[in-house]
Structures are given as C-alpha cells and as structure tokens.
Amino acid sequence: MSSRYRIEQVADLPPAAATALAMVVFALIIGVAWALLRLPDSSRLRSPAARERAQRRKESQRRQNKLRARREALQRKSARR
C-alpha cells in the first residue's frame, strides 16, 4: 500500500471525519513537542554539593589560568634579556 493511496483514502473521508483526524494528528504533534519541552535539563546540577564542587573547580581553573599566563609572561620577559 503506497502513501499516495493512503492520502487519497483520507481525502475521500467526509469533512467531519477528516477534520477530526486532522485534530488528532495536530494534538499528537503538540503533545510530542510539549513532552520534549518538559524534559529535565541534563546540564543542570541538581545537588548543592555538586554545584559547590563545580564552582570550586571553576575558580581553581581560573587561578591556574592566571598563574599560567603570569609564568609565560615572565618566561617571555626573561627570554628578551
């Protein structure tokens, strides 16, 4: 059974049945979109301990980047002499 044959079958439905079918399909699409929007955010940290660890890690990386930049600047400065 080809898709063209199925579409022609739907076109042969009475207007009330075609409208009802369209509304069901439309409701199904809206329901799937709503369900996808309601999914929890997987990137959000749920526990306070995990949020605190992430914050400490972020601050540590920031400090390490500053130290690395300072060390490289000093190396460049000493290489110029």
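The values are calculated or read from the model by the stated rules, or taken from the named source; none is laboratory data. This is a predicted model, so every value here is computed, not measured. Because the Cβ atoms are built from the backbone with ideal geometry, glycine has one as well, and the counts that use them run over all protein chains shown. Side chains included, ligands, DNA and RNA excluded: accessible areas come from the protein's heavy atoms. Shrake-Rupley method; radii C 1.70, N 1.55, O 1.52, S 1.80 Å.
Quick notes
- Charge dipole of the chain (Cα centre as origin; +1 on each Lys and Arg Cβ, -1 on each Asp and Glu Cβ, all else neutral): 1920 debye, rounded to the nearest 20.
- Rolling a 1.4 Å probe over the protein heavy atoms gives the chain an accessible area of 97 Å² per residue.
- Long-range Cα-Cα pairs in segment 35-81 (distance over 11 Å), rounded percent: 75
- Under Karplus coefficients 6.51, -1.76 and 1.60, residue-wise ³J(HN,Hα) of segment 69-81 in Hz, glycine/proline x: 5, 5, 4, 5, 5, 5, 5, 5, 5, 6, 6, 6, 6
- Mean projection of the Cα convex hull over all viewing directions, computed for segment 8-51: 4.2 nm².
- For the chain, dividing the convex hull volume of the Cα atoms by the residue count gives 218 Å³ per residue.
- Only protein atoms count toward the accessible area here, which uses a 1.4 Å probe; on the chain, the carbon and sulfur part of that area reaches 60 percent.
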